[in-house]
Structure formats: structure tokens, C-alpha cells
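The values are calculated or read from the model by the stated rules, or taken from the named source; none is laboratory data. The structure presented is a predicted model; accordingly, all values stated were derived computationally and were not measured. Glycine gets a Cβ as well: all are built from the backbone with ideal geometry, and neighbour counts include every protein chain shown.
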Amino acid sequence: MFSKINKNRIFVIKSGALQPRPVVYWMSREQRVSDNWALIYAQNIALTLKVPLFVVFCLVSDFLGATIRHYGFILRGLQQVKEKLKLKNIPFFLLNGDPSIKIPEFLSEVKAGLLVTDFDPLKIKRTWKNEISKKIKIPFHEVDAHNIVPVRFVSNKQEYGAYTIRPKIMRLLGDFLTEFPQIVRHPETAKAGNNSVEPVEMISLLKVDRSVPEISWLKPGEDEAQKILNDFVKNRLNDYAFKRNNPVLNGQSNLSPYLHFGQISAQRVGLTVMSADIREDSKMAFLEELIVRKELSDNFCYYNEDYDKILGFPEWARKILEKHKKDKRDYIYSLEAFEYAKTHDPLWNAAQIEMVKNGKMHGYMRMYWAKKILEWSPTPEDAFAIAIYLNDRYELDGRDPNGYTGIAWSIGGVHDRAWAERKVFGKIRYMSFKGCQSKFDVQGYINKMTE
Ligand code: FAD
Ligand code: FO1
């Protein structure tokens, strides 16, 4: 029964004998029913023990500065999760509050015998899991359902860059990039408690920051994620290698919000892209981002607890930024000036507007955007904090290991090398307005974002 799950995906947070009592899957990062190794694992154990299976999601209304833009996307997606699980005779519960309190309470209520959850390298999740583990008496297992090759297994240390993690991932890819088993209709019916609030009803009830509106050009949920993937593979993946770095063209997949909220599995995306009949260079370029770069970000956040602080930068970068800390800046902007796109640079302003309006800035512009925040902030510490704040507030895919790592790459040289020394940046790679002009239609992008 367990043959299809690679045991290296599983990490025992708290050990103990399995009792014939209900299994609870605390869904957090992987908000989907299909292709979810954590759910597959939880059901496998429940089937073996012949016990009911419950799925719970614990909604935290002040999660790292999230706004209704994010909660709307989550809750609309969870509505579909609930409906899909109902068809499989698996009840779904939406809890609201601190998981370290709500999850143990729920486990007692249903007299659970095992808690399963999904892997996440973020500190807040690790704190919740530690606190829950201390409070409960039943076994607690974690499944890496996000990375194709599990983070703990691919490497036991922080990797220097793509060049060091790539061969490690490639060596193991064949063992992990496999087809998924299906969730079956669960034979044991759970005697569920009061479960009245529907996820979509929570959208109007939640007390959260509503000043950043939901977006409508991307629809939440795993069915929509699959449609976006199919459309991308059919119509745009072939051109990925030469269009993805041009912000005027629609060259990227737009999958990051779905990957971030776990509404699609990277492994499903990888399998689909692998089997697509398209140009080899585009296929390879896409898989490099989806697998190597994305899993490198999880590696960074898992092994470096200072992923959201200057302290997390490599030593050479910290030293050189310190040396140039007092360099005269040509412009200095406040958080407010950045947030309201009031800099002197129409290209930077356009990128900021794209993020605020659409909830997703083009990938190439994200590098330029973060580097200019470094150039125009009083200190690198200010720049790093401003970039994380804005990224997490407005990007639909924010507060993700990819975000912390992308910003640390742009401002702090993480996973990069030293470049020629210059003012403010030291040896951090520089990007300029002129450089952008030589790569794409800068005025076209500005017009598109500001019209
Ligand atoms: P595609 O080009 O279609 O790529 C497919 C997938 O590959 C992405 O969804 C993502 O999962 C992965 N990927 C692509 N580029 C990268 C990368 N550079 N690093 C890691 N994984 C990558 N990504 C986020 O998911 N959330 C963020 O908050 C975020 N913030 C960023 C901030 C900065 C300053 C930088 C430089 C990058 C950031 N990225 C972030 C990484 C990258 O820009 C986005 O993942 C990408 O633009 C998302 O669009 P897409 O899904 O259409 O990408
Ligand atoms: N995870 C949860 O378990 N509960 C939440 O209430 C929650 C809110 C939330 C809001 C915005 C956002 O971007 C992420 C959120 N997440 C939540 C976590 C998310 O699913 C990811 O696991 C992490 O951000 C890391 O990828």
C-alpha cells in the first residue's frame, strides 16, 4: 500500500505507535486534493488502520502581513478542496485561530490517533509544529509534498548556488518525478462535529486587512491551476526560452500563485512539461526554474534561519555592503514613496504599479525592482525590509521561500557571485535602466502598466 510513496518524503516530528483511531491531515502549504503526497500518505495510513480521515485547515488572520487579496484566493480554493473531499467521503474542517491551540483541540475532539502535515521551511510554520508536538501525545508526521526531491533528502546543508544543488537534484529526479496514486473514496465515515462555516462564507467574516483588493484575472483553485498549466504548455511553453525575460510579452506561465498556495503540485507541472512535445531549450529553461531554482529557495530557507535578515547574506556580501553603507545615494525614498510608485524612474514605478494592480510583477522586473530599492534606500537593512514588506503585501505569490530568496539574491548576493565593485552596491550585481532598454521595449512596458 505504501509502495508508491518514497519514504524519504516523510519526517517523523513525533514518534509513537499507530493506534486504530482517526487520522487527521492538517493541510497548510498544499491546498489541493490531487497530487498531494501528504493527503495520499494520510489516507494510506487511515486505510490500513481502517479508520476515518479528517482534513483541517487552520486560518490565521494575521499571517505575515497577508491581506484579503491572499485570504480570498486561499478560501475560494479551499471551497473547492472541501467539495472534492466530500466526493471522497472525507470531511474538511476550517478552523480559525492559532494552530498551536486549535490543532491540539481538534485532535482531542475527534480522538485522533495520528497527525499528518505538509512540509514548509518558513520559521512560523516550524514554530507552530514544535508547539503542537509538545502539546500532543499522538505521533506527528510531516510529508514534503512541495518539492519534487524532498529538501531534507537532497542535501543536509545550505547550498552555495544552483550549480551545487543541480547535480544533487538531477541524480535523484528519476526516483521522485513519478506518477501519483489517486485518492480513493474513503470507506470509513467520520462522525464529524459542527462544521457549518463554508470557506467562501469566511471571506466576508474574516477580520483582515482589506485595503489590498482581490484580483480577478487569475481565478483560484486547483481546476483553474490545471487549466492555466494546460494552456501554457499548449500555447506558450515552446517560446519560453526566448520570451520569459521580456516583460512586454506574455512569456511566463503565471503558475506561481498556484504553486505558492499549493493549488497545483510542482511535480504535476514537471511531469506535464517533461512529456510535452516542444523545443528542448524551452523545456530545459522552464524545468531549471521550476525545479532547480524553486527547490534551491526551499533549501535556503530551511537551512538558513536568517533568510529574511541581512545576517542571512553570505559574508562577502555583508562585508562589502557594510563598506559602502555610507556612500552617497543619488536618490533616497521612504517606504511610502516606493509604495505609491513615486520615484523619479518611470520603469521602476511601472513595475510597482504592475505588482499593486495585478498582484504579480513580471519575473525580470522583480530583479530590477529589488536592486533599485537597494540603490535608493538609506541602508541595505532598510532596503531588504522594504522589499520584503512590499513583496509580501502585494504579490499574490508573496511570503514564499522563492520571495525571500529572490530578494536576498537581488540585494544580498545569495546564490550569486561577486561582480565589479561600485558605489552603494559594492560587489552585488547591478542592473540599470539602460541595460533594460537594450533588452526590451521599456516604453512599451511603462505604457502597458500606466495606461
Ligand atoms: P515562470 O517563469 O513561469 O516559472 C515557473 C515557476 O518556476 C514559478 O512559478 C516558480 O515557482 C519557479 N521560478 C521561476 N523563477 C524562479 C526564481 N527566480 N526563483 C525560484 N523559483 C522560480 N517567486 C515566488 O513564487 N514568490 C515571490 O514572492 C517571489 N518574489 C521574488 C522577488 C524577487 C526580487 C525576485 C528576483 C524573484 C522573486 N520570485 C518570487 C521568483 C520569480 O520571479 C517568480 O517565481 C516568477 O516570476 C513567477 O512567475 P511565473 O510563475 O509566471 O514564472
Ligand atoms: N497557511 C496556513 O496554514 N494558514 C493560513 O491562514 C495561511 C495564510 C496565508 C496567507 C497568505 C499567504 O501567502 C500564505 C498563507 N499561508 C497560510 C501559508 C502558505 O500556505 C504557505 O505555506 C507559506 O506562505 C510558505 O509557502
Pull out all pairs, ordered by first then second residue, where Cβ-Cβ is under 6 Å, the residues are six or more apart or on different chains, the first lies in segment 234-256 and is over 21 Å from E395 (Cβ atoms) and of a type in the set (S, T, N, Q), and the second is more than 8 Å from ligand 1 (Cβ to nearest atom) and not in a helix (DSSP H, G or I). N238/I278; N238/R279
Could you tell me which numbered condition I407 fails, if it satisfies all but one of (1) away from ligand 2 (no atom under 16 Å from the Cβ); (2) aliphatic (A, V, I, L, M); (3) closer than 29 Å to L122 by Cα? (1)
Lone unmet requirement of (1) in contact with a Pro (Cβ under 6 Å, 6 or more places away or on another chain); (2) acidic (D, E); (3) within 15 Å of ligand 1 (Cβ to nearest atom) for E188: (3)
Being more than 16 Å from ligand 2 (Cβ to nearest atom), small (G, A, S) and outside any helix (DSSP H, G or I): is that true of S282 here? no
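Within segment 218-259, track down each residue that is among the basic types (K, R) and surrounded by 18 or more Cβ atoms within 10 Å (Cβ to Cβ). Talk me through it step by step, then tell me what you get.
In the first step, residues of segment 218-259 are kept if they are among the basic types (K, R); the result is 219, 227, 234, 236, 243-244.
Selection gives R236, R244.
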Determine if segment 412-430 includes at least one residue that is in a helix (DSSP H, G or I) and over 28 Å from the mean Cα position of the chain (by Cα). no
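What about M361, is it modelled with pLDDT of 95 or more, in a loop (DSSP other than H, G, I, E, B) and surrounded by 15 or more Cβ atoms within 10 Å (Cβ to Cβ)?
Values: modelled with pLDDT of 95 or more: yes; in a loop (DSSP other than H, G, I, E, B): yes; surrounded by 15 or more Cβ atoms within 10 Å (Cβ to Cβ): yes.
Judged against the criteria, M361 is a match.
Checking the conditions here, which among G77, G97 is without any contact (Cβ under 8 Å) to a residue 60 or more places away in the chain and not charged (D, E, K, R)? Full working, then the answer.
Working: G77 fails: without any contact (Cβ under 8 Å) to a residue 60 or more places away in the chain.
Within the list G77, G97, the selection yields G97.
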Give me the pairs: first residue in segment 52-74 and more than 23 Å from A387 (Cα to Cα), second residue near ligand 2 (Cβ under 9 Å from one of its atoms) and aliphatic (A, V, I, L, M), beta-carbon distance under 6 Å, and six or more apart or on different chains, which are they? V55/M27; F57/M27
Can you tell me which residue within segment 53-75, out of those that are within 16 Å of ligand 1 (Cβ to nearest atom) and not basic (K, R), is farthest from I183 (Cα to Cα)? G65
Sort out for me the helices (runs of 4 or more DSSP H) sitting completely within segment 63-174 that have 3 or more residues that are within 16 Å of ligand 2 (Cβ to nearest atom) and touching a Cys at 6+ places or on another chain (Cβ under 8 Å). 99-109
When (1) more than 19 Å from G270 (Cβ to Cβ); (2) modelled with pLDDT of 95 or more; (3) of a type in the set (S, T, N, Q) are applied to N147, the one that fails is (1)
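Quick one: in segment 199-248, of everything that is assigned to a helix (DSSP H, G or I) and polar (S, T, N, Q), which residue is nearest to F440 (Cα to Cα)?
Ranking the qualifying residues of segment 199-248, first place goes to N238.
Every residue, every condition in (1) of a type in the set (A, V, I, L, M); (2) touching a Phe, Trp or Tyr at 6+ places or on another chain (Cβ under 9 Å), yes or no:
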site	(1), (2)
V12	yes, yes
R21	no, no
W26	no, yes
W37	no, yes
A42	yes, yes
L49	yes, no
Can you spot a residue in segment 310-333 that is more than 30 Å from E179 (Cα to Cα), among the acidic types (D, E) and either outside any loop (DSSP other than H, G, I, E, B) or under 26 Å from the mean Cα position of the chain (by Cα) (or both)? yes
Are there any pairs with C-beta distances below 6 angstrom linking a residue in segment 113-135 that is more than 10 Å from P99 (Cβ to Cβ) to a residue that is of a type in the set (K, R) and surrounded by 15 or more Cβ atoms within 10 Å (Cβ to Cβ), with the two at least 6 apart or on different chains, and if so which? G113/R21; D118/R29; D120/R29; S133/K14
